Each structure stands twice: as structure tokens, then as C-alpha cells.
Amino acid sequence: MKASFPVFDAHVDSLQRALDLDHDLGTQTDGHLDLVRGRRGGLTSVVLVCFVDPAFLDPETGGPGARAALLLREAHRLAAKHPEQIALVGNGEALDRAHASSLIAGIPGIEGGHAIEEDLERLRWFFDRGLRVMTLVWNNHLSWIRSCREGAGPEIPEGLSEFGREVVREMNRLGMVIDLSHAGERSFYDVMDTTSRPVIASHSGCRALHDHPRNLDDDQLRTLAKNGGVIGIVFHPGFLDADARAEEVGLRDTDEYRALKGRNESEKFLLQGDFMRARATPLSADCLVAHVLHAIEIAGLDHVGLGSDFDGIERGPENLEDASCYGYLAEALGERGLNRSEVRAVMSGNMERVFREVTGGEAVASLCSVQTHLE
Ligand SMILES: [Zn+2]
């Protein structure tokens, strides 16, 4: 597939493979996304997410902050090892420089606010080392924000706690992009009431098309638009389509799936992906296109982008299996009537706008100066 549009992917989990399996993402690897296939697909900007599995909440592991720091170091290592392919960027100016040199702009992010261990000082520590996006909460509820999953105990606030509001204000002040994918509904609106900057929902779908708690309903889409934010449509079949989800849930409930093991979670996850691709009915990319079009219809063209969740999902839809395939989506959007500038806005322009707007400002340094602090 010939890449004809620049792509901003707002959420990929590939750093875990790099850390746990020693995958060099500057070369072609197993899994969904590496720089080689990304370039083939037109990837120009990517949020490299430090996903902190709640298993790392166990202090025996060193704690969630330590895990996030190790993942963040992988992002810096990748950029140091492949300066001809990628540069980590902390603001719009650095992003422009990277693009002018035909480099992929890598933007470090954290998925799961437990990584800051209820400490704004730690949030600033991550910011100083290049973090520019934080998904406030993953599927585990935190003392300061409720996730979209059911089962929160009485100690969990319905939305954001006062400390949660402080996190939002501090991210606004620093120039970090707030990501509301995985947040509970009340948390979503509490953040919207608190933030002074646009936010993203980096990897979600539309609830009107599939009633899943990870997706945004139309009121949320309208609120996101009013905020100036952007939804990144996720590639996960289980969030895009009810039948695909039912089938995946059934397949995960088999002895064969449960018997899959690797030397660590990242290797197991690759095996689970192989299993799912081999057994599950492929989901047509039309389904993803439908979510993009619905989000455009409700939120408006300026508020829709992409967040594949590559390497955090077991499989993508048909023809969108890995990072070399983004061009297929651009083509499909064109066929559905979007003109070139509209396709470009969805593929990269809208996410780029939010990144620029939030990270802009004098206080934001280029990441070159902080790289060495990380060891
Ligand atoms: Zn996620």
C-alpha cells in the first residue's frame, strides 16, 4: 500500500515489547508496530505509551512509577539508537523539526495514572523526562479517578477527587495532553469541567455503534468537540463491533487460549494475538470507517483522529493489521466522500493541532536536553 497521507497515531503500546522482549522497534519485528512498517504506512507522529500493568502496583515489583520509567527509557533508547528514523518531541516546534528531517516524531505517554503514585512531584519528574500525554486512568480504579469499568468500591470517587482535579490543573500548567480513554463517564465530565485545555480520548470508539463502556456516547463526543479535543478511533474489533466482541470473549474463554504462556506477559500477549487472528472472524475495516464517520457526524470533522492501540490489542480489523496499513484507511475515507484535506485532518491534522496547542508555550524545552537524565 502506497502511503499518501501523514499519520498521527495517538496510542500504541509497542514499548512493552521493546522492554520485555528486547525487540528493536527500529527494525522490522513481530507485533503490530515498528518504525520500518510505520514509515511504510505513512506514520509521522506516534504516542509511544508506557502502559503500566496494575500487576506493577505490587511494591515487590518496584512499583508502577519504576515500571513507567523503564518503559520511558525504552523510548529514549529507541531514539538514541535510530536517530535517522525517530526523534522524541516535546512540543510543536520539535515536531516540525522532526518532520522537516523526515523523522517520525515520537511522543512519550503514560497509560494509567497509578504511575504517578499519587504524587504531583512524580508527574513533573516524568514531564521533565519527556512525557507529554497521560491516560489518566486504565481499567483499574484509582483513589483519585474512576475508570469506565464496573465494580468500583466505596473508597473510589464517582468521578475525579480533589487530587484528581489537581492532576488535571498541573497537566494543563505543564503542557501535558490529558487522555480520557478508559475514564468513567462522571470522570470524563469532571475533567471537562476542570481542564483549561483541549483533551483527547486517544483510543476509543463510538457508543452509538457499539454500546461498550470504553466507547464515547454522542453527548461525550459533543462535549469533546466543545472542548476543542479529539477522539482517536481505536482499531480493536472488540470495541468496534458487538459480534466481534462476543466472539473474542468466547475465544478467550477456551482452554486453549488459557493455556497460552510465554516467558513474560509481553510474549504471552503475542501468542494471544496469533491465536485470535487464527480463530476469530476478520472484522471488516468498514466497521472502523463507520466509527470515524459517526464521530465526524456528531463531533465535527475537526475532532476525530486515530489511536490504533497497536500492540495493546490482539488484532486489528481486516486490512489494518499493522502499522504498514494506515494508507488503507485513508483510501477508504476518501472513497466514502471525504476530500483530501478532510482525510488529512483525520489521519494526522487534528491530533497534531491538540498536541501543539497543549504543549506550546515557553516553558516547554526540547527533549534533547533531558535525554541524559534518564539512566
Ligand atoms: Zn488502553
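Values in this text are rule-based calculations from the coordinates and carry no lab data. Given the structure is predicted, the values throughout are model-derived calculations rather than measurements. No Cβ is skipped: glycine too gets one built from the backbone with ideal geometry, and neighbour counts run over all protein chains shown.
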Exercise for review: Would you please give the residues with an amide H less than 5 Å from that of residue 310, counting only those at least 5 places away or on a separate chain, with H modeled from the backbone geometry?
Suggested key: 13
Review point. Under a Cβ-Cβ cut-off of 15 Å, what is the net charge of the residues other than residue 353 that fall near it, where Lys and Arg count +1 and Asp and Glu count -1?
Key: -2
Point to revise | Farthest positive-ward along the chain dipole, Cα basis, beta-carbon charges - from 69, 295, 27 | key: 27
Point to revise | Computed magnitude of the charge dipole of the chain (debye, nearest 20; Cβ of K, R +1, Cβ of D, E -1) | key: 920
Revision key, fill the gap. Going residue by residue through the range 141-155, the Karplus relation 6.51 cos²θ - 1.76 cosθ + 1.60 with θ = phi - 60° gives ³J(HN,Hα) values, rounded to whole Hz and with x marking Gly or Pro, of 5, 10, 5, 10, 7, 8, 7, 7, 6, 6, x, 6, x, x, 7
Study note, to complete from the structure: Amide H proximity to residue 177 below 5 Å, modelled H, separation 5+ or other chain, gives 133, 134
Exercise for review: Show that you can apply the helix-only estimate: for the chain, add -39,500 (n - 2.57) for every DSSP H stretch of four or more residues, divide by all residues, and state [θ] at 222 nm to the nearest 500.
Suggested key: -12000 deg cm²/dmol
Review point. In debye, nearest 20: dipole of the range 114-272 around its Cα centre with unit charges on the Cβ of K, R (+) and D, E (-)?
Key: 560
Review point. Residues with beta-carbon under 15 Å from that of residue 305, excluding residue 305: net charge, scoring Lys, Arg +1 and Asp, Glu -1?
Key: -4
Point to revise | Selected from 160, 54, 327, residue furthest toward positive end of dipole (the chain; charges at beta carbon) | key: 327
Revision key, fill the gap. Reduced to Cα centres, the span from the range 145-183 to the range 36-94 in Å works out to 22
Revision key, fill the gap. For residue 142, the residues 5 or more places away or on another chain with a placed amide H closer than 5 Å to its own amide H are 147
Point to revise | Whole-Å semi-axes of the ellipsoid equivalent to the chain (Cα gyration tensor, √5λ, descending) | key: 26, 24, 23
Study note, to complete from the structure: For the range 275-281, in residue order, the Karplus 3J(HN,Hα) values (coefficients 6.51, -1.76, 1.60; θ = phi - 60°; whole Hz; Gly and Pro = x) are 4, 5, 5, 6, 9, 6, 5
Revision key, fill the gap. Once Lys and Arg are counted +1 and Asp and Glu -1 for all other residues with Cβ under 15 Å from that of residue 165, the total becomes -2
Practice item. For the chain, set up a Gaussian network in which alpha carbons nearer than 10 Å are linked by springs, and say which option among 349, 300, 38 fluctuates the most. Key: 300
Practice item. Work from the charge dipole of the range 223-263 (Cβ charges, +1 for Lys and Arg, -1 for Asp and Glu, about the Cα centre) and give the residue of 244, 257, 232 farthest towards its positive end. Key: 232
Revision key, fill the gap. Listed residues 60, 166, 93; largest mean-square fluctuation, Gaussian network over the chain with Cα springs below 10 Å, found at 60
Point to revise | Ranked packing of 115-121, 83-89, most packed first, by mean Cβ within 10 Å | key: 83-89, 115-121
Practice item. Filter the trypsin sites (Lys or Arg not before Pro) in the range 1-55 to those in DSSP coil with at most 11 other Cβ atoms within 10 Å of their Cβ, and list the result. Key: 2
